[in-house]
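Below is one structure; the comments refer to it alone.
The values are calculated or read from the model by the stated rules, or taken from the named source; none is laboratory data. Worth saying up front: this structure is predicted, and the values here are computed from it rather than measured. Neighbour counts are summed over all protein chains in view; Cβ atoms, including those assigned to glycine, are modelled from backbone coordinates with ideal geometry. Keep in mind that these areas ignore ligands, DNA and RNA; they rest on the heavy atoms of the full protein, side chains included. Shrake-Rupley method; radii C 1.70, N 1.55, O 1.52, S 1.80 Å.
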Amino acid sequence: MSYQQRRNEIYLPIREEKIFTWDVMDGDEYALATIHTISSSFRQEISYATEQLGKIFARTAEVVSQGLNQLLRELGIPKETWKTIRIQIDPSIPTTVGRFDFANTPHGLKMLEFNSDTPTSIVESFYVNDKVCSYFGVENPNHNMEQHLRQAFTRIIQQYKRLGYKTDRIYFSALDWHIEDAGTTRYLLQQSGLLAKFAPLSSLVVHQNRLYVESGPQKTLWPVDILYRLYPLELLAETRDKDGYPTGPHILNLIANRKVGIINPPGAFISQTKGLQALIWGIHEQGVFFTEEEHEIIEKYMIPTYFDNPFHGIKPYVRKPIFGREGGAVSLFDKEGNLLAEDKAQLYWEQSMIYQEMVELEPITVETLKGEFSGRLLWGSFLIDGHASAIIARIDKEITGDNSYYLPVAVD
């Protein structure tokens with residue numbers, strides 16, 4: 001059977017279910033029709049690293065949330081969000097739905113960044129991977145983990161209730177024209193088990209100090225008590241309506257004043273800035289705050305990360321924007337500062353940057369519709385409500401960007 005035939009057998013039935021409809025994006029293959037096998041020991045270690053790092057990020061973020069505005073400024077957190085992110089719904093976890101990205105290097109697993117605010121790749125990990133494993137008759141490393149999502153959403157709503165929030169009217173919102181974001185959001189709504197509705201981001205309006213969804217020919221306003229939004233807080237901080245009114249900052253103010261609850265919760269945004277990685281590494285180097293066990297976890301699984309560049313003339317390094325996503329504005333340099341590779345997209349270049357020691361992602365060659373592709377493997381590992389959950393593999397060249405391949409995985 002040809003690769004094309006196998007791909008049709010796998011993804012046409014999945015597409016017909018209308019849950020995962022972006023196996024091809026912008027005319028290019030995204031989801032691969034092959035499977036990558038991992039050992040059970042690797043599966044266990046990535047889960048262990050995910051859970052332990054989650055605890056470290058939670059403890060650090062809680063302290064930051066109580067810190068001076070100057071600290072928030074140094075971490076690159078937009079001023080419009082400062083009051084908002086001080087609202088801690090559950091300080092014991094860094095986020096409700098988050099994803100760590102790892103490289104499996106010759107020196108072991110190394111965490112590259114933490115997507116704690118608006119992670120994607122959720123449908124691929126929790127839904128598609130099981131379908132592909134069933135097709136090949138192999139063991140799914142993410143088996144039955146969609147229940148983690150339901151448990152997490154149930155618990156965060158309970159937390160909001162305990163804090164006195166109204167939780168009767170729950171909406172899940174994303175850019176409705178964005179196939180991946182809207183599809184991911186609808187999937188999470190379905191898996192959450194909540195009595196909730198989908199609403200496009202464009203339908204959200206602020207009226208008389210409350211957040212509403214505007215719908216129907218009569219433009220009826222429906223109040224929002226809890227909002228799941230697949231829209232980054234740093235973008236919300238800059239959002240203006242067509243008349244120039246600062247709708248985004250107004251919504252952030254409503255969150256800060258406990259007029260509406262959000263998922264992921266406000267404090268999750270603290271862990272989204274890569275500046276927090278630099279802060280954690282700096283504290284680790286000083287040998288303070290963290291327990292001996294936490295220092296060992298940081299040393300083993302994190303990468304030296306700084307606000308200033310200490311690597312020039314010493315070792316290869318990576319420069320990243322603090323709120324960049326999908327490889328945006330990432331640049332790779334050799335130890336002399338010569339550019340090796342950089343992202344070609346236009347986004348995130350204006351942001352403050354952090355510098356990380358460069359690590360080697362494992363090389364891999366896979367079959368695609370265009371023939372064999374040789375690239376580098378990046379691992380995503382979900383942290384759901386503080387617990388390790390589903391994993392995902394993506395392949396690209398030196399920088400894992402928005403057009404990377406999704407590679408299904410199985411346990412040997």
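Is there a residue in segment 327-338 that is open to solvent by 50 Å² or more (accessible area, probe 1.4 Å), among the polar types (S, T, N, Q), over 23 Å from A49 (Cα atoms) and in a strand (DSSP E or B)?
no
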note = Restricted to segment 358-375 and to residues being in contact (Cβ under 8 Å) with a residue 60 or more places away in the chain and part of a strand (DSSP E or B), the residue most open to solvent (accessible area, probe 1.4 Å) is E367
request  = Go through segment 11-54 residue by residue and tally those that are open to solvent by 10 Å² or more (accessible area, probe 1.4 Å), part of a helix (DSSP H, G or I) and under 29 Å from D181 (Cβ atoms).
outcome  = 7
task = Would you be able to say whether some residue in segment 290-312 is of a type in the set (K, R), part of a loop (DSSP other than H, G, I, E, B), farther than 26 Å from A237 by Cβ and open to solvent by 20 Å² or more (accessible area, probe 1.4 Å)?
result = no
request  = Could you grab me the full set of residues in segment 386-410 that are part of a strand (DSSP E or B) and more than 17 Å from A49 (Cβ to Cβ)?
outcome  = R394, I395, D396, Y405, Y406, L407, A410
ask   = Within the bounds of segment 276-287, is there any residue that is in a loop (DSSP other than H, G, I, E, B) and of a type outside the set (F, W, Y)?
value = yes
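So, of the residues in segment 313-326 that are in a loop (DSSP other than H, G, I, E, B) and at pLDDT below 95, which turns out to be nearest to Q277 (Cα to Cα)?
I322
For (1) assigned to a helix (DSSP H, G or I); (2) under 17 Å from G98 (Cα atoms); (3) basic (K, R); (4) free of Cβ contacts under 8 Å to residues at least 60 places away in the same chain, each residue gets a yes or a no:
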{"site": "N144", "(1), (2), (3), (4)": "no, no, no, yes"}
{"site": "D176", "(1), (2), (3), (4)": "no, no, no, yes"}
{"site": "L188", "(1), (2), (3), (4)": "yes, yes, no, no"}
{"site": "F198", "(1), (2), (3), (4)": "no, no, no, yes"}
{"site": "Q218", "(1), (2), (3), (4)": "no, no, no, yes"}
{"site": "L227", "(1), (2), (3), (4)": "no, yes, no, yes"}
{"site": "E234", "(1), (2), (3), (4)": "yes, yes, no, no"}
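Among the residues of segment 247-264 satisfying the criterion of being in contact with an Asp or Glu (Cβ under 8 Å, 6 or more places away or on another chain) and not hydroxyl-bearing (S, T, Y), which is surrounded by the fewest Cβ atoms within 10 Å (Cβ to Cβ)?
It comes out as P249.
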message = Looking at segment 248-263, I want the residues that are in a helix (DSSP H, G or I) and have a partner that is of a type in the set (D, E) and open to solvent by 10 Å² or more (accessible area, probe 1.4 Å) with Cβ atoms under 8 Å, at least 6 apart or on another chain. Which pairs are those?
response = G248/E80; G248/E238; P249/E80; L252/E80
inquiry  = Just to be sure I understand, how many residues within segment 107-120 are open to solvent by 20 Å² or more (accessible area, probe 1.4 Å) and closer than 17 Å to V318 by Cβ?
reply    = 4
request  = Tell me, yes or no, whether segment 167-181 has at least one residue that is closer than 30 Å to Q88 by Cβ, open to solvent by 60 Å² or more (accessible area, probe 1.4 Å) and modelled with pLDDT of 95 or more.
outcome  = yes
remark   = Note on segment 376-395: residues open to solvent by 30 Å² or more (accessible area, probe 1.4 Å) and not basic (K, R) are H387
query = Restricting attention to segment 60-104, and to residues there that are acidic (D, E) and surrounded by fewer than 20 Cβ atoms within 10 Å (Cβ to Cβ), which single residue is farthest from G327 (Cα to Cα)?
reply = E62
query = Is segment 110-129 home to any residue that is in a strand (DSSP E or B), small (G, A, S) and in contact with a strand residue (DSSP E or B) (Cβ under 9 Å, 6 or more places away or on another chain)?
reply = no
remark   = Counting only residues that are free of Cβ contacts under 8 Å to residues at least 24 places away in the same chain and part of a strand (DSSP E or B), segment 339-351 contains a total of 1
